[in-house]
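Worksheet: one structure, shown below.
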Amino acid sequence: MTKRAFILTTLLCLMAGLSSWAQDQLKPCDITNSDQLVRFYADTFDPDAAYQYFVTPSFEPAYALCISPQPSPEQSQWILVARSEGKNYKIPCDAATKSRIRSLLHWSVLASVYPIHDRMGCDGTVYSFCYDRNQACVWSPDKGSNCWKLVQTFDQIYHATKKNDPAAIRKLWPGIDSLTRVFKSFQPDRLFDIRYRESFDLTSSDNSPSQISLTTFDGLIDFAFPNPQEDYSKDIAKQLVEKYGTAIKEVSRWIFYDTPLLDGEKDIFFSIKKGATNKVVKNEEYAIYITINEQSLNKRAIEQLLCETPGLGISPSTAQQGDTALLASTALSTQSTAPSLVNGSKQAALLSWGLLAMLSGLAILSLLTAWKQCHNRVS
């Protein structure tokens with residue numbers, strides 16, 4: 001009986017440590033109410049911070065990292081705050097660092113999915129990522145997985161903040177950029193499908209004539225063309241798609257993968273005008289208005305224009321950043337391998353249920369054996 005109990009315990013422990021696959025995406029969390037967040041994270045939650053990272057180990061003190069607004073206008077507009085055991089460690093956060101941390105956290109949360117077969121275990125650490133009221137988490141991620149790299153990155157930022165070492169955080173920029181593109185690649189390729197509608201020139205103060213807009217990314221990127229006739233025509237819109245569709249998709253992919261413009265959910269309006277001078281007309285908090293001529297509707301010209309415009313946080317593409325086409329193929333590859341991930345997770349689920357059935361059978365067998373032994377002794 002003791003031997004059988006040992007075997008059962010061993011099998012149960014093995015099953016408890018079973019995981020369906022390496023954790024490459026976070027899992028959405030159900031704690032989305034700010035009051036719940038305050039109660040759950042207690043001393044580490046900052047109600048004024050839009051972007052936060054929480055770590056809750058099983059047997060060690062919890063800690064957190066957040067980007068908070070700076071109360072003093074004379075200093076940096078934002079600060080990084082590391083929280084642990086009731087203490088706050090603060091350092092200034094420059095715009096480039098803030099943009100990168102915000103982008104990585106933003107897209108890792110948006111890429112979160114509910115796993116078909118969840119992880120199980122007795123102990124471990126829960127890592128939570130939160131922006132606004134959106135939250136995702138991971139439990140003790142496997143080494144080498146995307147989530148493990150994500151946790152390692154934020155832990156390094158946390159410890160650098162505690163040590164008041166902004167230079168150490170700047171050294172993480174290439175890795176942050178690379179990991180951000182990985183999580184962006186989980187977004188569906190349909191975001192780059194072109195839709196068309198009637199619009200008006202938002203860069204003009206007077207009553208402007210009707211325009212035809214070709215949009216991508218669910219309308220966040222808008223390319224507006226002059227309408228050659230008074231009434232809106234789908235036929236003209238289709239002709240514009242045939243002529244400029246490839247360039248529009250290429251520009252949209254570059255904006256998404258290699259710039260932070262969409263990380264804050266800005267609207268980007270391109271007004272294409274014959275003979276116009278290429279320029280950024282307005283850069284507001286929630287929208288950017290850009291005027292270009294027809295010959296400049298290509299990735300190279302628009303990249304040059306946006307890189308030369310101060311305040312956008314865009315630097316020229318380098319080999320380190322990668323090529324937009326490669327990133328696009330990575331996104332397609334990720335989507336094409338999704339069925340294999342699903343099949344793998346189903347196989348892992350079947351394996352778990354098989355183990356559970358086997359353990360249940362062994363348990364019943366052990367009970368019957370014990371009952372028979374007791375019955376024979378009584379007899």
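For Thr277, the test of being farther than 30 Å from Trp173 by Cα, open to solvent by 20 Å² or more (accessible area, probe 1.4 Å) and β-branched (Val, Ile, Thr) is passed. Selection of the range 269-311 for residues being within 26 Å of Ala95 (Cα to Cα) and among the charged types (D, E, K, R) yields Lys279, Lys282, Glu284, Glu285, Lys299, Arg300, Glu303, Glu308. Summed over the range 154-184, the residues that are in a helix (DSSP H, G or I) and over 20 Å from Thr259 (Cα atoms) give a count of 12. Applying a threshold of 7 Å to beta carbon distances and a minimum spacing of six or more residues, or different chains, the list of pairs starting in the range 138-166 at a residue that is within 14 Å of Ile101 (Cα to Cα) and touching a residue at least 12 places away in the same chain (Cβ under 8 Å) and ending at one that is open to solvent by 40 Å² or more (accessible area, probe 1.4 Å) and part of a helix (DSSP H, G or I) reads Thr153/Gly175. Within the range 238-255, can one find any residue that is modelled with pLDDT under 85 and surrounded by fewer than 19 Cβ atoms within 10 Å (Cβ to Cβ)? Checked against the condition, which is being modelled with pLDDT under 85 and surrounded by fewer than 19 Cβ atoms within 10 Å (Cβ to Cβ), the range 238-255 yields no hits at all.
Aliphatic (A, V, I, L, M), open to solvent by 30 Å² or more (accessible area, probe 1.4 Å), at pLDDT below 95 and in a loop (DSSP other than H, G, I, E, B), is that true of Leu202? Please lay out each step first, then the result.
Numbers: aliphatic (A, V, I, L, M): yes; open to solvent by 30 Å² or more (accessible area, probe 1.4 Å): yes; at pLDDT below 95: yes; in a loop (DSSP other than H, G, I, E, B): yes.
Taking the combined requirement at face value, the residue satisfies it.
Reported count of residues in the range 251-291, each being more than 23 Å from Arg181 (Cα to Cα) and basic (Lys, Arg), is 4.
Applying the criterion of being under 15 Å from the mean Cα position of the chain (by Cα) and of a type in the set (Ser, Thr, Tyr) to the residues of the range 149-192, the residue that is surrounded by the fewest Cβ atoms within 10 Å (Cβ to Cβ) is Ser178. Of all residues assigned to the range 110-129, none qualifies as being under 23 Å from Ile314 (Cβ atoms), modelled with pLDDT of 90 or more and of a type outside the set (A, V, I, L, M).
Taking (1) of a type in the set (D, E, K, R); (2) at pLDDT below 85; (3) not in a loop (DSSP other than H, G, I, E, B) in turn, Asp46 satisfies each apart from (3).
The values are calculated or read from the model by the stated rules, or taken from the named source; none is laboratory data. Computed from a predicted structure; not experimentally measured. Cβ: placed from backbone, ideal geometry, glycine included. Neighbour counts: every protein chain shown. For the accessible areas, the whole protein counts, side chains as well, though only heavy atoms, and no ligand, DNA or RNA atoms are used. Shrake-Rupley method; radii C 1.70, N 1.55, O 1.52, S 1.80 Å.
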